[in-house]
1. What ranking do 129-135, 180-186, 47-53 get when scored by the average of other Cβ atoms within 10 Å per residue, highest first?
2. Report the extension gain between VAL66 and ALA191 in nm, rounded to one decimal, defined as 0.36 nm multiplied by the number of residues separating them, less their alpha carbon distance.
3. Among 136-145, 315-324, how do they line up by average Cβ neighbours within 10 Å per residue, starting with the highest?
4. Keeping every protein chain present and rolling a 1.4 Å probe, give me the accessible area per residue for region 255-326 in Å².
5. With every protein chain left in place, what is the accessible area per residue of region 12-76 in square angstrom, probe 1.4 Å?
6. Under 18 Å from a point 7 Å along the Cα-to-Cβ line of THR5: which residues of region 120-140 have their amide N that close?
7. Report the extension gain between PHE386 and LEU328 in nm, rounded to one decimal, defined as 0.36 nm multiplied by the number of residues separating them, less their alpha carbon distance.
8. Roll a 1.4 angstrom probe over the protein heavy atoms and tell me the percent of accessible area of region 68-144 that is carbon or sulfur.
Amino acid sequence: MSNFTKILHNRNFFFLWVGQIISQLGDRLSQMALIGLVYLRAPGSTFEIAKILSFTIIPVFLIGPVAGVYVDRWDRRRTLYICDFLRAALVVLIPLLLLRPQRTAFLYFFVFFIFSIGRFFVPAKMSIIPELVNKSDILVANSLVHITGMIAAIIGFGVSGLIVEWLGPRSGFYLDALSFFVSGLFIFLIAKKSISSGGLKEVSREIVELIKKSVLQEIKEGIFYLIKKKDIRFSAGVIFILWSALGAIYVALIAFVQNTLHSATKDLGLLIMFLGGGLLLGSLVYGHFGQRFSHYKVIFISLIFSGIMLMVFAFGIERYPNFRVAALLSFLLGLVVSPIMIASNTIVHKASESNMQGRVFSSLEIIMHLGFLVFMFASSLLAEKFSQASILVFVGCIFSALGIINLICNRKIPWLDGISTART
């Protein structure tokens with residue numbers, strides 16, 4: 001914990017961290033409000049859930065590549081707080097104007113636009129971390145950023161499930177708008193990065209060169225850079241597998257919990273809270289001890305145990321539809337999944353240059369959401385023919401098999417044995 005305490009004394013990183021806790025708490029309310037809205041209009045429909053979620057993902061492909069280029073050009077702090085303030089203004093309009101059934105098309109458009117702004121926010125958030133902390137603290141910083149999401153899952157999903165079930169979806173959107181505004185204020189308090197005394201001519205020359213470059217050219221550079229670096233290429237593959245699996249189980253898991261525990265959002269939110277508790281504990285443990293082990297082998301082992309726990313979860317809840325059993329299994333699942341994303345992001349940070357990280361993380365966003373979107377729709381269609389439990393078990397088998405195969409086949413590759421990643 002001393003490592004975490006030390007980095008939280010960094011004023012600028014602290015403001016980023018706290019701002020994201022608040023923002024993501026509101027995000028969970030917004031997500032649960034969308035699920036509750038779908039449940040009110042089409043109870044038990046996995047396809048309707050997939051459809052509204054698709055409008056949160058499509059901006060990744062349309063806006064993400066361009067966003068990564070401009071994140072590398074713009075001041076990242078300014079990009080972050082402007083995105084938060086814009087999203088606050090837009091989210092508050094949803095309950096005011098767009099919750100009537102005849103305005104569903106406008107609701108989809110607003111969801112698309114809000115998440116389009118988020119495409120600038122995500123790579124800026126990931127890219128600003130090395131600017132705020134020392135290189136030796138990047139793993140700890142990544143762990144804390146990951147913990148931000150875990151805290152949001154622990155508190156946000158549990159509370160939001162209760163709020164949406166008791167008060168309706170409208171309240172979730174209002175609280176989400178407030179959270180974006182407060183997050184923007186915290187990020188605004190981050191100290192401005194001073195411009196080096198390299199001279200006005202040098203700065204002006206860099207600006208002119210950036211303007212001369214076409215956006216498409218820089219997108220191409222980001223893609224080729226990702227392909228060339230074996231460390232980043234490896235992480236991209238892991239992230240694609242993980243998010244494809246999440247897409248495949250997401251809508252099936254929602255319907256599975258609603259059908260087995262007979263609750264619209266309450267039990268779902270509380271189970272995600274326990275999942276977040278496992279993710280939080282796993283993140284704390286890995287953030288403290290992770291420097292001692294190869295990030296690659298940690299990922300393979302986590303894949304194996306994640307697949308096993310997903311299968312146990314499906315069989316356990318189907319056989320014993322009890323909330324306590326479901327809560328325990330959710331916690332254990334989160335515990336074994338947590339190291340995967342932290343290790344992958346750390347590999348990317350160490351393997352890529354600062355001026356390329358916006359484009360790299362935007363490319364990774366495209367990869368992960370492509371897997372999520374494709375497999376989410378495939379799973380929503382399969383859920384009409386097969387049981388949700390069988391889908392969860394199948395995904396668990398794939399997870400474990402990939403972890404075992406990679407651990408066996410790649411055990412003699414020298415660069416997988418290193419505790420820190422190479423830059424070439």
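The values are calculated or read from the model by the stated rules, or taken from the named source; none is laboratory data. The shown structure was predicted, so the numbers you read here are calculated from the model rather than taken from an experiment. No Cβ is skipped: glycine too gets one built from the backbone with ideal geometry, and neighbour counts run over all protein chains shown. Side chains included, ligands, DNA and RNA excluded: accessible areas come from the protein's heavy atoms. Shrake-Rupley method; radii C 1.70, N 1.55, O 1.52, S 1.80 Å.
1. Highest-to-lowest ranking by the protection proxy: 180-186, 47-53, 129-135.
2. Full-extension gain reported as 42.3 nm.
3. Highest-to-lowest ranking by the protection proxy: 136-145, 315-324.
4. Accessible area per residue: 43 Å².
5. Per-residue accessible area for region 12-76 comes out at 33 Å².
6. 140
7. Residue separation times 0.36 nm, minus the Cα-Cα distance, leaves 18.3 nm.
8. For region 68-144, the apolar C and S fraction of the accessible surface comes to 65 percent.
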